[in-house]
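Colleague: Quick one: structure below, then a few questions.
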Amino acid sequence: MKQIAFSLLCGLVFGAGLVVSGMTDPEKIHAFLGAKDPSMAFVMGSAVITCAALYAIARRRNPAPFAITKSIDAKLVTGAAIFGVGWGLVGVCPAPAIVAVGSGAGWAGVFVLAMLAGSRLEAMSSRLAPSRLESSRPAPDTESRSPSPSNL
Amino acid sequence: MLTNSVLSALAGGVLIGVSAGALMLGRGRIAGVGGMIGGLASAPREDTWHRTAFLSGLVLAGAIAAMFHAPTLGVSPLSIPLLVIGGLLVGYGGQRAAGCTSGHGVCGLARFAPRSLVAVVTFMATGAITAQILSGVMR
C-alpha cells in the first residue's frame, strides 16, 4: 500500500513538473520544435541533471537496474523517428497527454486513445514477425519488452 | 516574459527529475510514461498497480492544475483526424523505440544510455522538421 502511494506521489510530482514547465501546452512545444522558443530545452536539461544526481546515488546502492544490455539497432532509430513526427505534429508526448486528460481536455482523450492503439499495433506486429519463422508461440523477446529499466 | 518561461522551465524540470530519481531510489523503476501506458494491460499484476498509481498521479496533477486554471494547460489547434494520426505515430514509435520523451529523454539520458541519446537526437530532429512543415502549412 505504501509503495502504491509512493508511485502515485511520484506521478503527481512528475505531472506538476510538466504543468509548471509548460510541457502540457502544445503551442509551446510547437514553438520549441519550430525553433521559436528555446525555453523548453531547459526543462529537459534541468530534469536530466536532477535525475542523474539521484540516479548516481541509486547506482551506488544497487547497480543492477543500470546495466546496459541492449545495443543501438534500426528498430530504435525508426521508432524514435516515427515518434518524433507524431510529437512534432500534435505537440504533446505521452506524459503531458495524460496530464491534459486529467484536466478534462477532450482533444487529449482522443490523442491518448490513438496512442494506445498505436502501441498495441506495434507490439502485435513485432510479436508476429519473429514467430512466423518459428511457431505460433509468441516470440521470447516479448518478455523483455516490459518495464525492466535495462530495456531503454 | 522569456526569463519567466525559462525559470518555470527550470523549476518544472527539477520536479520531473526529482520524481524520476525518487522512483528509481524508492522502487528501482524507470519513469517511462509511454511504456507504462502501452504495457498496462499486459504487465504483471504487481507492476500494473505501480503503473496505474503513477498514471493516476499524472491525471490528478492535471485535475488540480485545471482547478487553478493553469495557463500552461493548452488547447490543441488540430482537428480530430490529425490528433488520431499523431497519437498513432506517437504510440507506435514510442513502443518500437522502447521509450519516449520521459523514458529516453529524461531517464535514459540521466543514466548515460547511448541508445537513449540516439533516440533523443532522432525524435528531436524529426519533431523539428514536422513542426517546421506544420507551421508553414498553417500560416
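The values are calculated or read from the model by the stated rules, or taken from the named source; none is laboratory data. Source: prediction; values computed, not measured. So basically every Cβ, Gly included, is an ideal-geometry build from the backbone, and we count neighbours across all protein chains shown.
Colleague: Is the stretch A:25-45 home to any residue that is buried (at least 24 other Cβ atoms within 10 Å of the Cβ), facing chain B (nearest Cβ under 7 Å), within 30 Å of B:Leu78 (Cβ to Cβ) and among the β-branched types (Val, Ile, Thr)?
Modeller: yes
Colleague: Also, I was wondering about something else. Considering only the stretch A:63-83, how many residues are within 7 Å of another protein chain (Cβ to nearest Cβ), under 17 Å from B:Phe112 (Cα atoms), surrounded by fewer than 15 Cβ atoms within 10 Å (Cβ to Cβ) and of a type outside the set (A, V, I, L, M, F, W, C)?
Modeller: 0
Colleague: Cβ-Cβ distance below 7 Å, separation of 6 or more or different chains: which pairs start in the stretch B:31-57 with a residue that is in contact (Cβ under 8 Å) with a residue 40 or more places away in the chain and end on one that is in a helix (DSSP H, G or I) and among the polar types (S, T, N, Q)?
Modeller: B:Ala31/B:Ser19; B:Gly38/A:Ser119; B:Gly38/B:Gln95
Each row is one residue, and each column tells you yes or no for (1) in contact with a Phe, Trp or Tyr (Cβ under 6 Å, 6 or more places away or on another chain); (2) at pLDDT 95 or above; (3) over 13 Å from B:Ala9 (Cα atoms).
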site: A:Leu12; (1), (2), (3): no, yes, yes
site: A:Asp25; (1), (2), (3): no, no, no
site: A:Lys28; (1), (2), (3): no, no, no
site: A:Val48; (1), (2), (3): no, yes, no
site: A:Leu54; (1), (2), (3): no, yes, yes
site: A:Ala64; (1), (2), (3): no, no, yes
site: A:Leu76; (1), (2), (3): no, yes, yes
site: A:Val101; (1), (2), (3): no, yes, yes
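Quick grid of which residues meet (1) at pLDDT below 95; (2) more than 21 Å from A:Phe66 (Cα to Cα); (3) of a type in the set (A, V, I, L, M); (4) in contact with a helix residue (DSSP H, G or I) (Cβ under 7 Å, 6 or more places away or on another chain):
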residue	(1), (2), (3), (4)
B:Ala63	no, yes, yes, yes
B:His69	yes, yes, no, no
B:Tyr92	no, yes, no, yes
B:Val118	no, no, yes, yes
B:Gly127	no, yes, no, yes
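Colleague: Would you mind stating whether B:Val84 is more than 7 Å from chain A (Cβ to nearest Cβ) and of a type in the set (Val, Ile, Thr)?
Modeller: No, not satisfied.
Colleague: Next up: Regarding the stretch B:65-81, can at least one residue be identified that is surrounded by 21 or more Cβ atoms within 10 Å (Cβ to Cβ), of a type in the set (S, T, N, Q), more than 20 Å from A:Gly11 (Cα to Cα) and out of contact with any strand residue (DSSP E or B) (no Cβ under 8 Å at 6 or more places or on another chain)?
Modeller: The answer is yes; a qualifying residue exists.
Colleague: Also: In the stretch A:76-94, what count of residues is obtained for those that are in a helix (DSSP H, G or I), within 15 Å of B:Val33 (Cβ to Cβ) and within 12 Å of the chain's Cα centre (by Cα)?
Modeller: Residues meeting the conditions: 3.
Colleague: Among the residues of the stretch B:110-119 satisfying the criterion of being crowded, with 21+ Cβ neighbours inside 10 Å, of a type in the set (A, V, I, L, M, F, W, C) and within 17 Å of the chain's Cα centre (by Cα), which is farthest from A:Val13 (Cα to Cα)?
Modeller: So the residue we want is B:Ala119.
Colleague: Might you let me know whether the stretch B:118-139 holds any residue that is among the basic types (Lys, Arg) and either out of contact with any Leu (no Cβ under 9 Å at 6 or more places or on another chain) or in contact (Cβ under 8 Å) with a residue 60 or more places away in the chain (or both)?
Modeller: Yes, the stretch B:118-139 contains a residue that is among the basic types (Lys, Arg) and either out of contact with any Leu (no Cβ under 9 Å at 6 or more places or on another chain) or in contact (Cβ under 8 Å) with a residue 60 or more places away in the chain (or both).
Colleague: Could you run through the stretch B:13-61 and say how many residues are more than 7 Å from chain A (Cβ to nearest Cβ) and β-branched (Val, Ile, Thr)?
Modeller: Of the residues in the stretch B:13-61, 2 are more than 7 Å from chain A (Cβ to nearest Cβ) and β-branched (Val, Ile, Thr).
Colleague: Tell me which residues, restricted to the stretch A:48-75, are under 20 Å from B:Ala97 (Cβ atoms), among the charged types (D, E, K, R) and assigned to a helix (DSSP H, G or I).
Modeller: Answer for the stretch A:48-75, where residues must be under 20 Å from B:Ala97 (Cβ atoms), among the charged types (D, E, K, R) and assigned to a helix (DSSP H, G or I): just A:Lys75.
Colleague: Return yes or no: is B:Ala20 assigned to a helix (DSSP H, G or I) and surrounded by fewer than 18 Cβ atoms within 10 Å (Cβ to Cβ)?
Modeller: It is false that B:Ala20 is assigned to a helix (DSSP H, G or I) and surrounded by fewer than 18 Cβ atoms within 10 Å (Cβ to Cβ).
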